[in-house]
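Right, one structure below, let's go through it.
Read-outs: derived from the displayed coordinates by stated rules, not from any lab. From a predicted model like this one, the values you see are computed outputs, not experimental measurements. Please note: Cβ atoms are built from the backbone with ideal geometry, for glycine as well, and neighbour counts cover all protein chains shown.
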Amino acid sequence: MLVLPKGVRHIPRFLDIDEQRALVAEIRDVVRAAPLYVPVMPRSGKPMSVRMTNCGTLGWVTDKEQGYRYQDVHPVTGEPWPAMPGRLSRLWEEVAGYPHPPEACLVNFYEPEAKMGLHQDRDEADFDAPVVSISLGDSCLFRIGERTRGGRTVSLRLDSGDVVILGGEGRLCYHGVDRIYPDTSPLLKKPGRINLTLRRVTLPADSSA
DNA sequence: AAGTGACA
DNA sequence: TCAT
């Protein structure tokens, strides 16, 4: 029996095939305006194996000099990020349980060989808002742990249309992608997987609850 | 530091 | 798993 950490919710096939296709079309528009680029690790400058872009008012970026951060422009083009598609804002409203809109949607494209090491999403000012993750295309082996490194981890397969929510006690759980299962979905024209993560970055102006 | 390699 |  697979037990997820508290605060971590996996909703298999939350999006039906038509919704997935519509989302992919919107992401293609995003990528046309804000091209995928290869992010590199702070200090070492080592490249990550995924390619990234963002939409929304802010985007998560990393480079050798300044490291992990959010900024309002694409690091290569210098242009503002494309707007958050309404479909993603609505999805957030449905599942986030948080009364303010997402500010960033990080778009990660995994080629079949790509991986993502275990990490926390901790570059946001607001940890009360969840992180909402959407899988599109090829399936992957996702691994999630506790809020400290070296704790127990559990692995689960994520398929196209699945949604994972890291909220509450699960908000800062370590997580990563160990492998992509090639040719497991016909959704994308190219082999691979798209992951979208919706985040609230800044504290809302009226967060004095 | 979301990568990687040394080490047990 | 740890150091980085």
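Hand me the trypsin sites (Lys or Arg not before Pro) from segment A:58-94 located in a DSSP loop with no more than 12 other Cβ atoms within 10 Å, in residue order please. Before the final figure, lay out the partial values.
On the way: sites: A:Lys64, A:Arg69, A:Arg87, A:Arg90; in loops: A:Lys64.
Sparse-neighbourhood loop trypsin sites (Lys or Arg not before Pro): A:Lys64.
Most fluctuating residue of A:Gly45, A:Gly192, A:Gly59 in a GNM of chain A with Cα springs under 10 Å: which is it?
A:Gly45
Once you've got the GNM for chain A with C-alpha springs shorter than 10 Å, pick whichever of A:Val177, A:Val76, A:Val50 has the biggest mean-square fluctuation.
A:Val76
Starting with the fewest neighbours, write out A:Phe142, A:Phe14 ranked by other beta-carbon atoms found within 10 Å of each beta-carbon. Don't skip to the end; give the middle numbers.
On the way: A:Phe142 22, A:Phe14 18.
The order, fewest Cβ neighbours first, is A:Phe14, A:Phe142.
Out of A:Pro112, A:Pro186, A:Pro35, any idea which swings most in a Gaussian network model of chain A, alpha carbons joined below 10 Å?
Residue with maximal mean-square fluctuation among A:Pro112, A:Pro186, A:Pro35: A:Pro186.
Under a point-charge model restricted to the Cβ atoms of Lys and Arg (+1) and Asp and Glu (-1), what is the dipole moment magnitude of chain A relative to its Cα centre, in debye to the nearest 20? The partial results should precede the final answer.
Working: 27 positive and 27 negative charges, 139 e Å.
Dipole of chain A, to the nearest 20 debye: 660 debye.
What residues qualify as long-range amide H neighbours of A:Arg51, i.e. H under 5 Å apart, gap of 5 or more or another chain, H built at 1.01 Å from N?
Amide H neighbours of A:Arg51, under 5 Å, 5+ apart: A:Phe109, A:Glu111.
If N is the number of residues in segment A:8-199, what value comes out of its Cα radius of gyration divided by 2.2 N^0.38 Å? Walk me through the numbers before you get to the answer.
Values: Rg = 15.4 Å, N = 192, 2.2 N^0.38 = 16.2 Å.
The value comes to 0.95.
Roughly how many Å is it from the Cα centre of segment A:113-164 to that of segment A:54-80, as a whole number?
21 Å
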